[in-house]
Every structure is written in C-alpha cells, then in structure tokens.
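Read through the structure below, which is laid out as structure tokens, and then see the notes.
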Amino acid sequence: MAGGIEIRAAHFPGRAPIDAYGNGGFRFADMSHRGSILCLPSGIHGWDVSGFGELEEADLARMFDEASEFDILLVGTGEQLIPMPAELRKRFREAGVAVETMATGAAVRTYNVLLAEDRTVAAALIAVD
C-alpha cells in the first residue's frame, strides 16, 4: 500500500461552465471547489486568493503565462466591483488581453456566455459567501 494521502493542487484539465457559485466556492463539471478559481485554457485551477485587494505578483503569474492563449480576462472581485489598478490593467493590455472587472456573480454569468460562444475567455474568480 502507498505511503499515505497525497495532496495535489486543485486542477480540472479542461474548459467548463460554472454551474453555481457561493458558500465560499464553485461548482463545475459535476465537481465542486472550495475557494477561488482561475479558469484558463489549461483548465480550471484552485487559486489561493480570498480578496482582490490582497493580490500579489505570484497570484498573477499563471494568467500572464497563458496570456497568449486568451483575449479576454474576466476578474470576479468578490461581492462588490473593485476597479483594477491602472498599472495592472496596462500590463494585461501589453500582453494582448482585455480585462474586465466585475462582482464575482456577474463575472461567472459573463464567463459562461462567452464560453458558450466559444470565445477565447479566461476568468479569475474570487469566491463569495
């Protein structure tokens, strides 16, 4: 028998609509995830961020690494809309990505519509209660 429980980073290797959000997490692809998520071309990843104001450079790395694979990034900032700082918006624009910030609920709905239209969209979604 193997040597115990193996803990791996949360990752769903595909694109999927978000079926539900709230209670501190998200449901998608017949699964659920507690906490924030990144929906990128490489899949849906757990994202260890609980508030938009606490973002650090390392929290953005995966988005910039895959920026050439999507044109639109939706950022769900939590319960309330929080504008993206101008310098960060500029960095995404220089990477060829249009960024829209909105409350997480609106970001989820917009992501699902753009995904259904087969658009090159990504989302960074902060979990809400």
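The values are calculated or read from the model by the stated rules, or taken from the named source; none is laboratory data. Note that the coordinates shown come from a computational prediction; the quantities given were computed from them, not determined experimentally. Neighbour counts run over all protein chains shown; Cβ positions are idealised from the backbone, glycine included. Note: accessible area is taken over every heavy atom of the protein model, side chains too, but ligands, DNA and RNA are not part of it. Shrake-Rupley method; radii C 1.70, N 1.55, O 1.52, S 1.80 Å.
Summary table
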read-out	value
Search result, residues across the range 18-40 that are charged (D, E, K, R) and on the phi < 0 side of the Ramachandran plot	Asp19, Arg27, Arg34
Pair list, Cβ < 8 Å and 6+ apart or interchain, from the range 77-95 residues that are without any contact (Cβ under 8 Å) to a residue 60 or more places away in the chain to residues that are hydroxyl-bearing (Ser, Thr, Tyr) and open to solvent by 80 Å² or more (accessible area, probe 1.4 Å)	Ala95/Ser68
Where a residue in the range 112-129 is in a helix (DSSP H, G or I) and its partner, wherever it lies, is of a type outside the set (Lys, Arg) and buried (at least 20 other Cβ atoms within 10 Å of the Cβ), with Cβ under 8 Å and at least six apart	Asn112/Ile18; Leu114/Leu74; Leu114/Val121; Leu115/Val121
Of all residues making up the range 102-129, the number that are open to solvent by less than 20 Å² (accessible area, probe 1.4 Å) and over 14 Å from Phe26 (Cα atoms)	2
Single residue of the range 10-45 satisfying the filter (under 14 Å from Asp129 (Cα atoms) and of a type in the set (Ser, Thr, Tyr)) that is surrounded by the fewest Cβ atoms within 10 Å (Cβ to Cβ)	Tyr21
Spans of strands (runs of 3 or more DSSP E) in the range 5-107 with at least 3 residues within 14 Å of Ala122 (Cα to Cα)	36-40, 43-47, 72-76, 98-102
Check on Phe70, modelled with pLDDT of 95 or more, touching a Phe, Trp or Tyr at 6+ places or on another chain (Cβ under 9 Å) and of a type in the set (Phe, Trp, Tyr)	no
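Table: residues versus (1) at pLDDT below 95; (2) of a type in the set (D, E, K, R); (3) in contact with a Phe, Trp or Tyr (Cβ under 8 Å, 6 or more places away or on another chain).
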residue: Asn23; (1), (2), (3): no, no, no
residue: Ala61; (1), (2), (3): no, no, no
residue: Asp65; (1), (2), (3): no, yes, no
residue: Arg91; (1), (2), (3): no, yes, yes
